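I have placed the structure first, in the form of structure tokens, so that the comments after it can refer back to it.
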Amino acid sequence: MRPGREEGYEAWFHGIAADARKFKGHLGVSTIRPQDHTHPEYVVILKFDCYDNLKTWLESDVRREWIERLQPLIQKPEALQTLTGLETWFTLSNKPMKLPPPRYKMMLVTWLGVFFTLPQLNRLLAPFLSGLPVLLSQLISTGLGVALLTYLIMPRLTQLFRKWLYPIP
């Protein structure tokens, strides 16, 4: 964003967010505002229920007009990322976001992570969860499993398989 244009950007953001809400499948808008003036970048997160509805919004004349209004307020063009699910597990730290790997590759690496994580986790937790109702036990073990996969296992597997997931053309 251009210095001194914060107020204009905020007004722009509220306008585009209001128009985005009118589109089919819209689930919400979030924004991450800059914390200091040395990095005056905003991150706007639009959520839609399915890719087709997101695509309709992205290709709409309404959005195109809002992006034209944005140009005097920003220093560099918008950077657009589309994330639809599992690919958020497949990001390489300290690297700009690339197109996600093919779904079959994401599925195989995820399967590998789940295959090795859940049996060991269940074996470790069994003594602690044995007296609990089955649903509560499953809630705890799956919650811990997802947390481990998200923060520990998948980042390491993504790094390990990076050349296969993101081959250099």
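The values are calculated or read from the model by the stated rules, or taken from the named source; none is laboratory data. None of these values were measured; they are calculated from a predicted model. For neighbour counting, all protein chains shown are included, and Cβ atoms are generated from backbone atoms with ideal geometry for every residue, glycine included. The accessibility values were calculated without ligands, DNA or RNA, using every heavy atom of the protein model including side chains. Shrake-Rupley method; radii C 1.70, N 1.55, O 1.52, S 1.80 Å.
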Can you list the residues of the stretch 153-169 with backbone N under 13 Å from a point 7 Å past the Cα of Leu124, pointing along Cα to Cβ?
153
Phi angles of the stretch 26-35, converted by Karplus (6.51 cos²θ - 1.76 cosθ + 1.60, θ = phi - 60°) into ³J(HN,Hα) in whole Hz with x for Gly and Pro, give 5, 10, x, 10, 10, 9, 10, 8, x, 8
Calc'd 3J(HN,Hα), the stretch 132-149, phi into Karplus 6.51 cos²θ - 1.76 cosθ + 1.60 (θ = phi - 60°), Hz, glycine/Pro = x, comes to 8, x, 4, 5, 5, 4, 5, 4, 5, 5, 5, x, 5, x, 5, 4, 4, 5
Alpha-carbon centroids, the stretch 41-78 and the stretch 121-169: separation in whole Å:
34 Å
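Tell me the per residue accessible area of the stretch 7-58 using a 1.4 Å probe; a whole number in Å² is fine. Display every interim value, and only then the final one.
Working: 3450 Å² over 52 residues.
Value returned for the stretch 7-58: 66 Å² of accessible area per residue.
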Name the long-range amide H neighbours of Phe48: under 5 Å, sequence gap of 5 or more, or other chain; modelled H, no Pro or chain starts.
Leu27
From the phi angles alone, apply the Karplus equation (6.51, -1.76, 1.60; θ = phi - 60°) to the stretch 45-52 and give each ³J(HN,Hα) in whole Hz, x where the residue is Gly or Pro.
10, 9, 10, 10, 6, 7, 4, 4
